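The values are calculated or read from the model by the stated rules, or taken from the named source; none is laboratory data. Only a predicted model underlies this, so the values are computations on that prediction, with no experimental measurement involved. Note that we place each Cβ from the backbone using ideal geometry, even for glycine, and neighbour counts take in every protein chain shown. Surface areas here come from the heavy atoms of the whole protein model, side chains and all, with no ligands, DNA or RNA. Shrake-Rupley method; radii C 1.70, N 1.55, O 1.52, S 1.80 Å.
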There are 2 protein chains.
Amino acid sequence: MSENSDSTHSTHSSDSEILAQVSWNSDGLVPAIAQDATSGRVLMMAWMNRESLQLTLEGGRAVYWSRSRGKLWRKGESSGHEQLVREIRLDCDGDTVLLLVEQKGGIACHTGRTSCFYRVLDDSQWRERDPVIRDPEAIYK
Amino acid sequence: MSENSDSTHSTHSSDSEILAQVSWNSDGLVPAIAQDATSGRVLMMAWMNRESLQLTLEGGRAVYWSRSRGKLWRKGESSGHEQLVREIRLDCDGDTVLLLVEQKGGIACHTGRTSCFYRVLDDSQWRERDPVIRDPEAIYK
């Protein structure tokens, strides 16, 4: 957690308590589910560490921890598809976070679809069900 | 995966392909999000191993893997609060599963609430927002 942010000390203190009540796993992470606050669609599941949750609280935009890249992942930083956080919920065990978000551009998935959960089990196959709204090459140029 | 089930060999073959396309983590697990198919509420997040997903496919009821107990968790077995699976989705990376379910009893959480995500971040505190629908002592007796 950075001491260099613009937040006040009182905010920091409260944030510490919020973070302390989360049950971080042995890697210091929790799964974070993003759900569209309007449509109710589950958009994606990613991971957060303490710093990313702290930054999410401070900035109101979803910041995850990319396990593959080993660094903070400011959702939408390159695509513009930011997630404005309307509500944050914690589950009974304290080990999963649910974000209710306003999904900018209506696209959460790097494939250019609304939701990352675009494959549906149908007739014993995972079938792509949802359309690509925008070509990823046009998103990440 | 059990070879002793009542399923036909052809079903087994298809199930194997379905399971093979899931990116299981180093513990052989994937996170599984359960969402109410009617209300759209995210009810809980649990884990599945291959056998629990296989059993879910075969039986149409959510079966998870309890990491704390180290065994299969047939959701609702003791509470009656089964989850009838209406749809199963897989995300872009293949490492998270989304179940759209009919939640029996309208209660997914062991605390007797609809959803496990009953705590909401409000004024820098996690506040219990959702009511207990049924006393857990009456559920698990």
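One table, with the values for the structure above:
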item	result
Within the protein assembly as shown, percent of DSSP bridges classed antiparallel, to nearest 5	85 percent
Bins of 10 Å, starting at 0 and running to the largest distance - Cα pair percent for chain A	11, 39, 34, 13, 3, 0
Residues in segment B:70-108 that a label on B:S39 would reach, taking backbone N under 13 Å of a point 7 Å out along Cα→Cβ	B:101-108
Order of exposure, largest accessible area first, which applies to A:T114, A:T38 with probe 1.4 Å	A:T38, A:T114
Translational diffusion of the protein assembly as shown, µm² s⁻¹ [Kirkwood Rh, Cα pairs; Stokes-Einstein; 37 °C; 0.692 mPa s]	167 µm²/s
Carbon + sulfur, % of accessible area of the protein assembly as shown - ligands and nucleic acids excluded, 1.4 Å	42 percent
Accessible surface ranking that places the most exposed of A:E137, B:E102, A:E128 first, with a 1.4 angstrom probe	A:E137, A:E128, B:E102
Computed over chain A: relative contact order in percent, which uses C-alpha pairs under 8 Å that are six or more apart	20 percent
Chain B: calculated mean residue ellipticity at 222 nm from DSSP helix runs of at least 4, using -39500 (n - 2.57)	-5000 deg cm²/dmol
Closest approach to the axis - chain B beta-carbon, rotation onto A, Å	B:G40, 2
Dipole magnitude (debye, nearest 20) for chain B, charges at Cβ of Lys, Arg, Asp, Glu	480 debye
Simple Cβ-charge dipole of the protein assembly as shown, Lys/Arg +1 and Asp/Glu -1, about Cα centre, in debye nearest 20	160 debye
Label point 7 Å beyond Cα along the C-beta direction, distances from A:R129 to other copies (nm, shortest first)	2.6
Cross-link partners of A:K75 among aspartates and glutamates (Cα-Cα below 20 Å; sequence separation of 8 or more within a chain)	A:D36, A:E51, A:E58, A:E87, A:E102, A:D135, A:E137, B:D91, B:D93, B:D95
Taking N as its residue count, the alpha carbon Rg of segment B:51-116 over 2.2 N^0.38 Å	1.11
A:D122-A:E137 pseudo-label distance in nm [points 7 Å out on the Cα-to-Cβ vector]	2.6 nm
Degrees, to the nearest 10: A:50-59 long Cα axis against longest axis of chain A	90 degrees
Aspartates and glutamates with Cα under 16 Å of B:K141, excluding same-chain neighbours fewer than 8 positions away	B:E77
Heavy atoms of A:V97 accessible to a 1.4 Å probe, total area in Å² rounded to 10	0 Å²
Residue-normalised accessible area of segment B:15-110, expressed per residue, 1.4 Å probe, Å²	40 Å²
Teacher prompt: B:R67 distances to equivalent labels in other copies, 7 Å Cα→Cβ, nm	0.9
Interface area, A with B, accessible, probe 1.4 Å, both sides summed, Å² nearest 100	3400 Å²
Inter-copy spacing of A:E102 label points, which lie 7 Å from Cα along Cα→Cβ, given in nm from shortest upward	3.7
